[in-house]
Amino acid sequence: MIRGVTSSVALLAAAVWLGGLVALGAIAAPVVFSVAPWPSSADAMTIVFRRFDGLAMGCAAVVLATEAIRAGARLPFAPGDIARASAGVLASTGAVVEGMIISPRIAALHVAGAIRGVGAGGMEMARLHDMAELCGQSEVLLLVAFVVLHALTLRTPPVRPKSGAEPPPAGLAS
């Protein structure tokens, strides 16, 4: 039961996060920056990305919490489970770095009047923007792996403890 519930919750969080990354990075940002005049486009997207950062970090916390619950319940971890948890941790790290370090620095440079690629502030903004894109693309790949690994690990029966090992407490079995 814990296995199914944590998988469902984690997959919903990953879907919201992954969908948001794709929608913002591949659709909204390119359109807004190509259609709306500067600085309005940058003003709008700064607000959108900062709000999304909060959502992404919330989804990351949910993904991490589901893995912690599985570990706390002492559910057996096969290699696929370890790979899935690792992908979730790495994607979550990317969301936190982007939301707590990169995006606030880009926003501060924008407020200070920096224009991407122009002057010292603009060069820093361009560097940070490239880092944000790399973070977002990495999160997309890691979240795709996380979802695929979830699907694969749900199809396989959980690994049972070896004979002589303690079974999980009653009611905590998957």
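All of the numbers you see were taken from the coordinates with simple rules; none came from a lab. Because the structure is a prediction, the values reported are computed rather than measured. Glycine also receives a Cβ, built like all others from the backbone with ideal geometry; neighbour counts cover every protein chain displayed.
Using a Gaussian network model of the chain whose springs link C-alpha atoms within less than 10 Å, name the residue from Arg84, Arg50, Arg74 with the highest mean-square fluctuation. Of the options given, Arg74 has the highest mean-square fluctuation.
When Ile2, Ile82 are sorted by how many other C-beta atoms sit within 10 angstrom of their C-beta, beginning with the fewest, the order is Ile82, Ile2.
Summarising the label geometry, the points placed 7 Å from Cα in the beta-carbon direction at Val148 and Val16 lie 2.5 nm from one another.
Compactness ratio for the chain: Cα radius of gyration over 2.2 N^0.38 Å (N = residue count) comes to 1.27. Between Gln137 and Arg51, residue separation times 0.36 nm minus the direct Cα-Cα distance comes to 29.1 nm.
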